[in-house]
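Written below as structure tokens is the structure these notes are about.
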Protein chains: 2
Amino acid sequence: MTKIIDPYGSELIKDYTKTVKDFGLEVFNSKSFPKPNKTMRRGVVFAGRDLKIIARCIKEKKPFYALSGIMPTNEEIHLGNKLVVENLKYFQEHGGNAYILVADLEAQAARGVTLEEGRKRALNFHIPAYIALGLDPKKTVFYFQSDNKEVVQFAYEAARKITLNEFKAIYGTADPGRIMSAVTQVGDVLYPQFKERMPGIIPVGIDQDPHIRLSRDVVNRMKAKKFFLPSSIYHKYTPSLDGRMKMSKSRPESCITIPEDEKSVRRKIMKAVSGGRPTLEEHRRLGAEVEKCMVFEMLKQHLVEDDKELDKIYKEYKSGKMSAGEIKEMAAEKMVAFMKDFNKKLEKARKQIDKIKFVQF
Amino acid sequence: MTKIIDPYGSELIKDYTKTVKDFGLEVFNSKSFPKPNKTMRRGVVFAGRDLKIIARCIKEKKPFYALSGIMPTNEEIHLGNKLVVENLKYFQEHGGNAYILVADLEAQAARGVTLEEGRKRALNFHIPAYIALGLDPKKTVFYFQSDNKEVVQFAYEAARKITLNEFKAIYGTADPGRIMSAVTQVGDVLYPQFKERMPGIIPVGIDQDPHIRLSRDVVNRMKAKKFFLPSSIYHKYTPSLDGRMKMSKSRPESCITIPEDEKSVRRKIMKAVSGGRPTLEEHRRLGAEVEKCMVFEMLKQHLVEDDKELDKIYKEYKSGKMSAGEIKEMAAEKMVAFMKDFNKKLEKARKQIDKIKFVQF
């Protein structure tokens with residue numbers, strides 16, 4: 001198997017290598033895609049399914065789509081959403097038709113959010129936030145699940161293609177709300193192909209792979225060649241500041257939300273698990289343990305665009321010239337600047353929201 | 001417990017008495033309802049839930065509804081549907097708002113019927129058939145599930161109110177298609193209350209009670225008093241000609257469909273289990289075992305409107321004056337006449353189908 005390329009050798013690599021093997025994924029090779037973005041170049045995007053067909057669509061300028069969903073729960077998103085938007089934007093800029101759906105039926109079935117509340121939150125926050133993160137609203141098709149009769153009708157068809165035990169095998173568990181959410185999501189994933197069969201790619205966190213598998217299983221059970229099997233790319237978990245695998249709202253100090261105020265951004269980053277040595281003397285002598293450093297991981301995934309700048313930081317930190325305190329200070333500065341920029345862009349996007357055309361059915 | 005009243009003492013009574021007890025139903029008392037129809041007077045309708053509130057609505061001329069669904073599978077219905085229409089018609093004539101929905105999403109999820117095919121069948125056969133059986137189309141609200149966004153949206157909410165184990169306890173089994181069908185049906189049952197809370201009654205065969213229980217469970221778990229608990233009335237299985245509990249398509253000779261041609265109607269009734277004695281001499285001496293006679297049951301449930309006429313048949317048969325051959329001949333004549341009348345009315349109703357207004361969403 002091709003090795004997963006992470007030039008900065010994150011400790012989490014071996015887990016992801018196992019994931020790729022266990023889930024039967026393809027290793028993502030950024031050389032297959034023109035002008036890869038920073039998450040692709042740096043191994044943050046580490047795997048996918050049916051990647052070649054998307055690479056070919058880009059190369060041959062053939063139609064394809066890239067799709068993601070918004071779950072309108074609280075009025076905040078997290079850094080994982082930022083990775084999704086970054087990749088959606090990449091495919092949008094490389095000829096893909098971008099789709100964003102608001103999973104309001106799912107939020108109702110799985111989280112008890114009323115449709116009205118879900119709609120309000122999506123319009124007031126989630127959609128403007130995605131635009132603030134770089135999605136071009138003029139080139140994106142938006143819809144609400146609850147408006148999309150075709151998706152819902154398809155969900156009933158999809159439900160018929162899977163047994164309860166298969167569902168449990170994919171999701172580990174099954175309850176009526178979750179089942180309805182999941183089959184509706186299959187409808188979303190395939191919706192851009194309802195009118196015209198075409199390849200499509202779904203950028204997701206690796207924890208969302210069950211939805212991709214379910215969608216592909218359903219396609220495989222439908223009449224031959226009715227749909228292209230949806231492709232996917234997976235990004236890693238965004239760094240948990242306490243050094244554990246995944247950020248979690250149940251450990252709020254591990255997790256930076258978007259937006260988050262300056263004070264708490266600084267506090268959380270200052271407390272983060274870093275690659276610093278027990279004493280400064282040791283740090284200067286041995287250099288930082290970069291592969292364990294959640295702060296460097298955050299710079300790599302989110303805060304430094306330019307590869308040369310990141311290399312410089314890496315070298316200075318690795319060599320011990322830059323201290324853990326210094327890299328934290330730098331990350332905090334950059335994160336605060338990001339939040340300021342985000343808030344400004346969010347306000348601007350909110351003013352454009354009336355101009356967005358949602359698909360009507 | 002009040003005894004189930006069947007003046008002709010069908011052998012199946014003891015099973016139904018147990019059903020009433022096991023399911024916690026109310027025994028249906030035809031004296032509580034004005035001008036009860038023949039199925040009510042004769043114990044064919046044998047039980048219900050929350051019957052008093054419907055009786056009160058009729059008496060006090062308060063709004064209520066009566067609802068049933070059409071499953072657009074094959075282009076045929078059975079005698080059980082005839083009982084449903086007879087009771088819908090009763091409530092329609094006593095002030096109830098009648099609703100007929102076409103369960104096309106359900107037919108898709110549970111039986112793999114495409115929406116297009118389901119719609120075609122409902123328009124060409126099922127709806128005209130219900131009109132032919134006596135439903136007044138001008139006083140009935142019709143809709144297709146796949147058109148009714150409100151019902152589908154509610155289904156997602158309903159799904160959240162039940163666990164997989166509760167679902168299994170009610171239905172005995174659970175698979176994704178069945179779950180989606182069932183929660184959608186809950187939406188249908190409550191749909192007439194979406195705009196205005198009001199009592200409603202669902203006439204069904206006893207085998208459909210799980211849907212009523214699920215609907216009532218969902219209502220009980222929603223915000224207090226959002227909906228009236230749906231009432232129901234249950235009719236017995238319509239007689240299986242081979243004397244077993246329930247007609248079944250897997251035993252085609254046990255089952256008369258609507259429509260059915262003269263020749264096969266005659267053949268099936270002639271072969272039916274009757275109350276005749278082994279020899280005519282014995283029959284004359286001991287009289288018929290009416291309570292075991294599927295042919296008399298069919299006359300009682302479906303073919304004889306007038307109580308005096310039925311009484312006369314009962315007495316002559318019971319006394320042995322009328323032979324099994326004679327009662328079969330009579331039933332066959334009446335069934336053939338019914339089919340002729342049905343076919344004529346069906347053709348007429350088909351011509352009216354364009355005038356029916358379906359609820360649009």
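Under 20 Å from the 7 Å Cα→Cβ point of B:ARG244, by amide nitrogen: which residues of region B:253-284?
B:253-258, B:265, B:267-275
In nm to one decimal, list the spacings between the B:ASN124 label point and its equivalents in the other copies, with label points set 7 Å along Cα to Cβ, shortest first.
5.1
Computed over the Cα atoms of region B:252-345, what is the ratio Rg over Rh, Rh following Kirkwood?
0.99
Could you give, in nm with one decimal, how far A:LYS321 is from each other copy of that position, shortest first, with labels 7 Å out from Cα toward Cβ?
Here A:LYS321 shows inter-copy label distances of 11.9 nm.
If you put +1 on each Lys and Arg Cβ and -1 on each Asp and Glu Cβ, how big is the dipole of chain A around its Cα centre, in Debye rounded to 20?
820 debye
What are the residues whose amide H is under 5 Å from the amide H of A:GLY200, where those residues sit 5 or more places off or on another chain and H is modelled from the backbone?
It is A:TYR65, A:SER231, by chain and number.
Report, to the nearest 10°, how far helix A:324-352 tilts away from the longest principal axis of the Cα atoms in chain A, using its own Cα long axis and a range of 0 to 90°.
The helix A:324-352 is inclined about 30 degrees to chain A.
Run lengths n ≥ 4 of DSSP H only: what is the helix-derived mean residue ellipticity at 222 nm for chain A, with -39500 (n - 2.57) per run over all residues, to the nearest 500?
-14000 deg cm²/dmol
Just in region A:145-200: which trypsin sites (Lys or Arg not before Pro) are loop by DSSP and have at most 10 other Cβ atoms within 10 Å?
Answer by residue number: A:LYS195.
How large is the convex hull of the C-alpha atoms of region A:289-331 per residue, in Å³?
59 Å³
Could you give me the percent of Cα pairs per 10 Å distance bin for the protein assembly as shown, shortest bin first, beginning at zero and ending with the bin that holds the maximum distance?
P(r) over the protein assembly as shown, rounded to whole percents: 3, 13, 20, 19, 14, 11, 9, 6, 4, 2, 1, 0.
Measure nothing fancy, just the Cα-based angle from helix B:176-190's long axis to the longest principal axis of chain B, in degrees from 0 to 90, nearest 10.
With both axes taken from Cα atoms, the answer is about 90 degrees.
Once you put a point 7 Å from the Cα of A:ILE353 and another 7 Å from the Cα of A:ASN220, both along the Cβ direction, what distance in nm separates them?
Between A:ILE353 and A:ASN220, the simple spin-label model gives 4.1 nm.
7 Å along Cα→Cβ for the label point: how many nanometres lie between A:LYS344 and each equivalent label in the other copies, listed shortest first?
In nanometres, ordered from closest: 8.4.
Over the Cα atoms of region B:13-86, compute the convex hull volume and normalise it per residue, giving Å³.
Per-residue hull volume (Cα only) is 123 Å³.
In 10 Å bins starting at zero, report the fraction of Cα pairs in region B:116-275 per bin as a rounded %.
In whole percents, the pair-distance histogram is 9, 28, 34, 21, 7, 1.
Based on the alpha carbon coordinates of region B:38-137, what radius of gyration and maximum Cα-Cα distance (Dmax) apply, in Å?
When restricted to Cα atoms, region B:38-137 yields Rg and Dmax of 15.0, 44 Å.
Using the alpha-carbon atoms, what tilt in degrees (0 to 90, nearest 10) does helix A:307-318 show relative to the longest principal axis of chain A?
Its long axis makes an angle of about 50 degrees.
Just to verify a number: FRET efficiency for B:GLU282 and B:LYS315, C-beta to C-beta distance, R0 = 30 Å, to 0.05?
0.95
What percentages, rounded to whole numbers, describe P(r) for region B:242-307 computed over all alpha carbon pairs with 5 Å bin width beginning at zero?
Taking every Cα pair in region B:242-307, the percentages come to 4, 15, 22, 25, 17, 12, 5, 1.
Using 1/(1 + (r/R0)^6) with R0 = 35 angstrom and r between the beta carbons of B:GLU93 and B:ASN124, what's the FRET efficiency to the nearest 0.05?
Computed FRET efficiency for B:GLU93 and B:ASN124 comes out at 0.85.
Efficiency by 1/(1 + (r/R0)^6): what FRET value for A:ASP136 and B:GLU75, r their Cβ-Cβ distance, R0 = 51 Å, to the nearest 0.05?
In this case the efficiency is close to 0.50.
Restricting attention to the alpha-carbon atoms of region B:13-238, what are Rg (one decimal) and Dmax (integer), both in Å?
16.5, 44
No value in this document is a laboratory result; all are computed from the given coordinates. What you are looking at is a predicted structure, and each value in this text was computed from that prediction instead of being measured. A quick note on method: Cβ atoms are made from the backbone with ideal geometry, for glycine too, and the neighbour counts reach across all protein chains shown.
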